[in-house]
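Data first, discussion second: the structure below is written as structure tokens.
The values are calculated or read from the model by the stated rules, or taken from the named source; none is laboratory data. These numbers were taken from a predicted model, which means no experiment stands behind them. Reconstructed Cβ throughout: ideal geometry from the backbone, glycine too, with neighbour counts over all protein chains shown.
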Amino acid sequence: MIAQDTRIEIEKASNSRLAQSDIDNCAFGRVFSDHMMVMNYKDGKWSNASIKPFQNLSLSPAAMVFHYGQAIFEGMKAYRLENGEVGLFRAMDNIKRMNISAKRMSMPEIPEDLFLEGLKALINLDRNWIPSNADSSLYIRPVMFATDEFVGVRASQGYKFVIFTSPANAYYNSPVKVKIETFYSRSCNGGTGFAKAAGNYAASLYPANLAREDGYDQLIWTDAETHTHVEEAGTMNVMFVIDGKLLTPPSSGTILDSITRKSVVTLAKQMGFPVEERVITITEIMEAIHSGKLEEAFGAGTAATIAPICLIGYQGKNYDLKDSKTWKFAPALLKELNMIRTGKKEDVNNWVTRL
Ligand SMILES: *Cc1c(COP(=O)(O)O)cnc(C)c1O
């Protein structure tokens with residue numbers, strides 16, 4: 001049991017900003033809904049859980065998060081269902097993963113029940129912030145960070161946990177150009193690659209910018225030791241269709257265990273597509289490109305769901321992939337996933353929590 005000493009207090013915003021916010025047209029991640037959940041960890045327990053109007057936080061410049069980077073986050077979505085209900089997609093998986101990240105970063109775990117209760121209460125309160133267009137959603141961002149005012153190096157003893165939300169419109173995923181990275185690494189054996197830690201993102205920005213200068217949108221990360229097999233695509237997991245089989249690297253200590261990838265793998269199996277979760281070498285990808293057997297390649301993650309890849313760069317050469325309009329697996333899997341998330345298809349895997 002993780003100690004908690006709290007019930008969730010609710011302070012409603014006196015004026016909703018919804019009417020002034022153009023949620024059906026807003027860009028991703030810039031508009032925030034009326035409320036947020038906040039709680040603090042102090043003296044070995046979580047307390048002061050509350051839902052209150054979305055607002056700035058006040059922190060000391062000595063707050064340890066700014067110096068030693070103990071910060072983790074999650075990303076998940078709530079969807080409008082057909083009957084006016086709201087569905088949280090696989091929220092328990094995100095909650096469990098946040099606690100896996102917390103442990104790796106020497107941060108306190110969050111009681112699952114308290115997390116879920118706060119999440120549900122928050123989404124319920126701001127349910128009208130889900131845009132009305134098909135396949136749009138409310139993006140949910142839980143974040144936890146170190147708050148001790150101390151410049152010595154150790155794990156902080158105080159933390160703040162916040163959940164806020166942002167309307168996310170469905171957008172057309174224009175196919176991306178990716179470069180296979182063989183110098184920089186996102187993560188390494190024994191490192192923090194499996195944790196959704198803020199520092200992993202900070203370290204990935206410079207190599208990603210170098211690739212951008214060369215005309216690519218994203219990197220395909222490879223293993224840090226040999227740079228011979230593929231790990232992730234930018235901030236998404238990566239999947240390939242080679243010779244009629246869906247291939248994806250298994251989750252490991254160096255790969256973030258994507259809930260979208262897990263969902264796609266489950267659906268692919270249920271739809272009868274051949275699936276293999278195994279190590280994928282760059283040699284194998286290159287051979288498949290040359291023999292015409294690389295049929296599809298895409299990233300999988302909550303923000304974009306499925307991001308088709310149109311070009312792969314490797315060792316200074318670019319290889320065009322087949323036009324994603326001709327693909328079979330990715331569009332079918334995306335459609336299936338969207339139908340389940342929005343309640344248009346029976347949720348046989350029990351992924352949706354209805355509010
Ligand atoms: C969040 C994240 C993903 C995608 O995970 P989902 O659960 O599908 O959103 C993939 N890779 C990295 C590095 C991530 O941080």
Among the numbered conditions (1) more than 29 Å from G191 (Cα to Cα); (2) surrounded by fewer than 15 Cβ atoms within 10 Å (Cβ to Cβ); (3) at pLDDT 95 or above; (4) of a type in the set (G, A, S), tell me where S106 comes up short.
(1)
Conditions: (1) more than 27 Å from M64 (Cβ to Cβ); (2) more than 16 Å from the ligand (Cβ to nearest atom). V176 meets all but one. Number of the miss?
(2)
What do you reckon, is A332 of a type in the set (A, V, I, L, M, F, W, C) and within 13 Å of the ligand (Cβ to nearest atom)?
no
Return a yes/no flag: does the stretch 247-259 have any residue that is in a strand (DSSP E or B), within 12 Å of the ligand (Cβ to nearest atom) and not basic (K, R).
yes
Residue satisfying condition, being of a type outside the set (F, W, Y) and buried (at least 21 other Cβ atoms within 10 Å of the Cβ), within set G75, G118, G84, G69
G118
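For the stretch 201-228, give me each residue that is among the small types (G, A, S) and either assigned to a helix (DSSP H, G or I) or within 16 Å of the ligand (Cβ to nearest atom) (or both).
Pass one, the stretch 201-228, residues among the small types (G, A, S): 202-204, 208, 211, 215, 224.
Answer for the stretch 201-228, where residues must be among the small types (G, A, S) and either assigned to a helix (DSSP H, G or I) or within 16 Å of the ligand (Cβ to nearest atom) (or both): A202, A203, S204, A208, A211, A224.
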Residue among A102, A91, A71 that is under 27 Å from K335 (Cβ atoms), within 16 Å of the ligand (Cβ to nearest atom), under 19 Å from the mean Cα position of the chain (by Cα) and not acidic (D, E)
A91
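Could you tell me which of the residues A303, A307, A330, A297 is assigned to a loop (DSSP other than H, G, I, E, B), among the hydrophobic types (A, V, I, L, M, F, W, C), within 23 Å of the chain's Cα centre (by Cα) and within 27 Å of R212 (Cβ to Cβ)? Spell out how you get there, then give the answer.
Numbers: A307 fails: assigned to a loop (DSSP other than H, G, I, E, B); A330 fails: assigned to a loop (DSSP other than H, G, I, E, B); A297 fails: assigned to a loop (DSSP other than H, G, I, E, B).
Being assigned to a loop (DSSP other than H, G, I, E, B), among the hydrophobic types (A, V, I, L, M, F, W, C), within 23 Å of the chain's Cα centre (by Cα) and within 27 Å of R212 (Cβ to Cβ) holds for just one of A303, A307, A330, A297, which is A303.
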